[in-house]
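Here is the structure we will look at, set down as structure tokens.
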Amino acid sequence: MTLSHSHQPTTMAALGILLGLATLSARAFAVALPSRVDDVTLSLEPQITGGFQLSLDKDNERTVYGHIGRTLVSTYTAEEVEGGMEIHIGSVNLTVHTLYDDASDARGIKIKWNSLTPLRLEDCFDFGTKHWYGGPTQVEQLYPIENAKQVYTPYFSKEYDNGAIAERYWLNSAGEYIYVHPQVPLFIDYNNIVPNHICFGAQISEPYSSRRNHVELSYDLWFLPNVKEAHKHAIVNYLGKPSGLPDYRMVQHPVWSTWAQYSRDVDQEKVLEFAKQIRGYGFSDSQLEIDDLWETCYGTMEVDQWKFPNMTGLVRELKAMGFRVTIWLHPFINNNCEPIYTEALNNGYLVLDEAGKPATSWWNNNGSVPGYIDFTKPEAAEWWYQRVRNLLDTYDIESVKFDGGAPPQIAVENGDINLQPHNMVEAYVRFAARFGGMVEVRAGFRTQDLPIFVRMCDRDSIWGLNNGLSTIVTTTLQMNLAGYVLVLPDMIGGNGFNLEHEQADIPTKELFIRWVQATTFLPAMQYSYAPWNFDNETVEISKKYTELHAEYADEIYAAMQRAVESGWPVNAPLWWIDPTDEETFSIWDEYLLGENILVAPVLEEGAISRDVYLPAGVWWEEGDREREVVGPTWIKDFPAPLDVLPYFVRAKELEPSSAVSPGVAMFLVVFGVVANFLL
């Protein structure tokens with residue numbers, strides 16, 4: 001079992017083999033697994049089209065879980081191996097082991113397909129009637145994900161579609177979860193190959209290196225009493241937790257970025273004017289980011305003197321106004337940026353593809369062809385580090401907004417070839433974290449342990465779940481469930497520059513205000529479009545909720561500290577406080593801060609009210625003890641005019657118990673074997 005951040009807590013069960021040989025015409029393997037509640041049997045039934053159907057029998061009821069080995073049509077043999085069994089289908093081997101974790105009363109199976117010949121492996125699992133969470137942070141981020149669409153595609157960190165976060169973890173409302181191991185050349189598919197199914201594929205194809213010597217599809221499937229216990233188990237065994245906290249002031253006061261307000265037309269005069277406006281309208285800050293395009297050419301790290309004739313003086317003046325100053329950077333050098341590009345290329349500091357070429361691409365190349373710094377090479381990373389350090393020291397700049405991070409295709413990287421292309425993502429993000437608690441990144445792969453903010457990928461300045469305002473909530477939930485609990489939401493109002501989108505435009509006043517409200521109880525707030533772009537009412541409402549966020553900064557930081565201690569979400573879905581309440585499983589437009597603040601932002605254009613669901617407990621509207629509501633209950637048409645954000649504070653002394661209900665657990669068995677767990 002491969003774990004990303006922790007030791008292995010499970011013990012393999014001793015297994016007895018019931019069957020040694022079989023053919024496709026044989027009856028299904030069937031096994032009984034003794035548990036503390038009752039017996040459960042998981043069967044493997046050969047399919048004439050290839051592979052096996054996995055089904056579970058419990059209390060004389062059968063549940064079909066899925067179809068594994070769908071692409072394999074052949075006779076097979078089975079033999080006992082230590083701790084489990086092995087099945088041979090032509091040149092492909094399948095090993096299966098049962099797992100038991102006594103501390104969590106969790107049971108599961110470990111499935112591993114392995115082929116020394118280049119072919120496509122494919123296992124599909126039925127979404128069923130359960131609600132599912134996890135997987136990629138999609139552009140059109142649905143939550144839950146059982147109705148989402150993914151056409152069979154390689155699952156790796158990339159900006160388009162998954163926001164450069166692609167953890168291999170899926171969880172459902174029944175307390176079951178799947179973790180696919182990092183060495184798998186993974187492809188995923190939702191509702192396409194098979195309706196109402198999630199399919200996991202493995203094959204050696206872009207972006208995975210053609211130099212791999214085998215194809216592997218391996219994953220662990222766990223069963224726990226409920227969805228909360230399942231996620232806690234995944235945190236301990238796979239996802240990990242932050243090792244520390246980012247800078248407190250970034251939580252307390254907004255980040256101000258020049259990007260949406262000025263785009264690439266940023267210059268010294270505009271930055272200074274922006275700073276004066278922020279102070280003039282009475283807003284605080286955590287830092288002021290000088291965003292794209294301040295350098296002479298992408299990758300030179302040389303200040304463009306035409307745009308910033310006195311960067312030293314500008315930074316000094318901003319600091320005199322009380323600002324901390326950060327700057328936008330990325331891992332690229334454009335090939336027209338000389339002599340720095342040739343220096344990097346000649347020294348072997350750029351990523352090469354398997355043909356030995358350095359050319360790559362990114363969304364912001366500004367008309368040139370970029371090279372990507374190879375952060376998997378210590379000497380290249382150190383060279384880049386010293387260049388960044390020199391920039392910051394020269395101009396007395398505090399920190400960096402690190403952009404990019406998705407790996408180039410197909411890269412030749414240092415490290416385990418079976419972990420490519422994600423070696424590059426992890427190396428880059430860990431490089432960025434060397435610059436301390438004020439940095440932000442926007443990529444991740446097995447980097448949940450870092451004590452830094454992970455920025456949500458750019459949102460469009462629109463309302464819906466098509467990368468608009470609504471996805472601020474759904475993506476926050478998605479990132480938290482992937483283990484990235486230190487979320488820096490995108491800029492309030494969106495970026496406004498996606499001119500290819502049919503609804504693209506700068507934000508309206510209403511959209512902007514609702515965006516302010518939606519981020520109020522998230523770990524940080526980030527402005528770029530300024531409230532004074534609209535009118536005085538927008539300024540006053542924005543200031544009201546910016547100050548409310550500051551008032552709750554200690555509460556937010558406490559939730560972040562709890563995440564450091566336990567890995568628990570900072571902003572969780574509603575089922576986190578009552579995993580037995582089925583009503584909470586599909587609610588996507590509310591979120592929690594910690595376990596005692598529930599936020600229900602208005603996400604629909606023109607709405608002046610909304611329905612709000614409150615789980616079990618005593619809740620105080622806006623924390624006012626005189627306005628008490630007892631849950632679980634729906635509040636229909638809760639009034640929410642433009643200046644109102646519906647939120648509720650739970651009476652802590654009356655929190656409902658999250659104890660596990662008896663009889664909820666479902667325990668797994670493996671076909672062809674009897675499990676004698678070492679209890």
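Structure notes:
- For the range 591-649, size of Cβ-based charge dipole, Lys and Arg +1, Asp and Glu -1, in debye: 140
- Sequence-ordered 3J(HN,Hα) estimates for the range 610-617 from the Karplus curve with 6.51, -1.76 and 1.60 and θ = phi - 60° stand at 7, 7, 10, 9, 10, x, 4, x Hz, glycine and proline given as x.
- Taking packing as the residue-averaged number of other Cβ atoms within 10 angstrom, the listed peptides 581-594, 439-452, 562-575 run from highest to lowest as 439-452, 562-575, 581-594.
- Between Phe445, Val629, Thr95, the Cα set farthest toward the positive side of the dipole of the chain (charges on each charged residue's Cβ, about the Cα centre) is that of Thr95.
- For the range 516-556, the Stokes-Einstein estimate of translational diffusion at 4 °C and a viscosity of 1.567 mPa s comes to 123 µm²/s, using the Kirkwood hydrodynamic radius over alpha-carbon pairs.
- FRET efficiency for Thr296 and Ala320, using Cβ-Cβ distance with R0 set to 25 Å, rounded to 0.05: 0.40
- In the chain, the longest principal axis of the Cα atoms and the axis of helix 509-518 are about 60 degrees apart.
- The residues of the range 327-415 expose on average 39 square angstrom of accessible surface per residue, using a 1.4 Å probe on protein heavy atoms.
- Under 5 Å between amide hydrogens, built in the peptide plane, is the criterion, and for Ile145 it picks out Trp132, Tyr133 among residues at least 5 positions away or on other chains.
- The chain, relative contact order [Cα under 8 Å, separation at least 6], %: 16
- Counted residue by residue at 0.36 nm each, then reduced by the alpha carbon distance between them, the extension gain from Val630 to Asn114 reaches 180.4 nm.
- On Cα atoms only, tilt of 536-551 relative to the major axis of the chain in degrees: 60
- Carbon and sulfur %, accessible surface of the chain computed with the full protein complex present, 1.4 Å: 49
- When the range 265-366 is described by a simple charge dipole with +1 on each Lys and Arg Cβ and -1 on each Asp and Glu Cβ, the residue from Pro339, Gly282, Trp363 located farthest towards its positive end is Gly282.
- Take the Cα of Ala607, step 7 Å toward its Cβ, do the same at Ser91, and the gap between the two points is 5.5 nm.
- Ellipticity at 222 nm from helices only: DSSP H runs of n ≥ 4 in the chain, each -39500 (n - 2.57), divided by the residue count, give -6000 deg cm²/dmol.
- Computed over protein heavy atoms with a 1.4 angstrom probe, the accessible surface ordering of Glu551, Glu595, largest first, is Glu551, Glu595.
- Most tightly packed first, judged by the mean number of other beta-carbon atoms within 10 Å of their residues, the peptides 413-423, 202-212, 219-229 read 219-229, 413-423, 202-212.
- Residues in the range 503-618 average 31 Å² of solvent-accessible surface per residue, probe 1.4 Å, ligands and nucleic acids excluded.
- Fully extended contour minus Cα-Cα distance, from Asn346 to Trp363, at 0.36 nm per residue: 3.6 nm
- Annotation: aspartates and glutamates with alpha-carbon distance below 13 angstrom to Lys509 (same-chain offsets under eight excluded): Asp535, Glu537, Glu540, Glu605, Asp643.
- Placing a pseudo-label 7 Å from each Cα along the Cα-to-Cβ vector at His214 and Thr129 gives an inter-label distance of 4.1 nm.
- Between helix 553-566 and the chain: long-axis angle, C-alpha atoms, 0 to 90°, nearest 10: 30
- Local electrostatic count at Asn495 - Lys and Arg +1, Asp and Glu -1, tallied over other residues with Cβ under 11 Å: -3
- Relative contact order (%) - criterion: Cα under 8 Å, at least six apart; region: the range 283-400: 28
- For Met525, distant residues with modelled amide H under 5 Å away: Val255
- Figure note: Val236, Val425 ranked by solvent-accessible area, largest first, 1.4 Å probe, ligands and nucleic acids not counted: Val236, Val425.
- Note: the range 45-89, Cα convex hull, 95 Å³ per residue.
- Of all lysines in the structure, those lying under 24 Å Cα to Cα from Lys652, and not within fewer than 8 positions of it along the same chain, are Lys228, Lys232.
- For Arg442, the amide hydrogen comes within under 5 Å of the amide hydrogens of Arg455, counting only partners 5 or more places away or on other chains and with H modelled in the peptide plane.
- Label point distance in nm, Glu338-Arg430, each placed 7 Å from Cα along Cα→Cβ: 3.6
- A viscosity of 0.890 mPa s and a temperature of 25 °C, combined with the Kirkwood radius over Cα pairs in Stokes-Einstein, give a translational diffusion coefficient for the chain of 93 µm²/s.
- Our summary gives the range 297-348 a relative contact order of 49 percent, counting only alpha carbon pairs under 8 angstrom and 6 or more residues apart.
The values are calculated or read from the model by the stated rules, or taken from the named source; none is laboratory data. If you're wondering where the values come from, they're calculated on a predicted model, not measured in any experiment. Every residue, glycine among them, receives a Cβ derived from its backbone with ideal geometry; neighbour counts consider all protein chains shown. Only protein heavy atoms, including side chains, enter the accessible area calculation; ligands, DNA and RNA are left aside. Shrake-Rupley method; radii C 1.70, N 1.55, O 1.52, S 1.80 Å.
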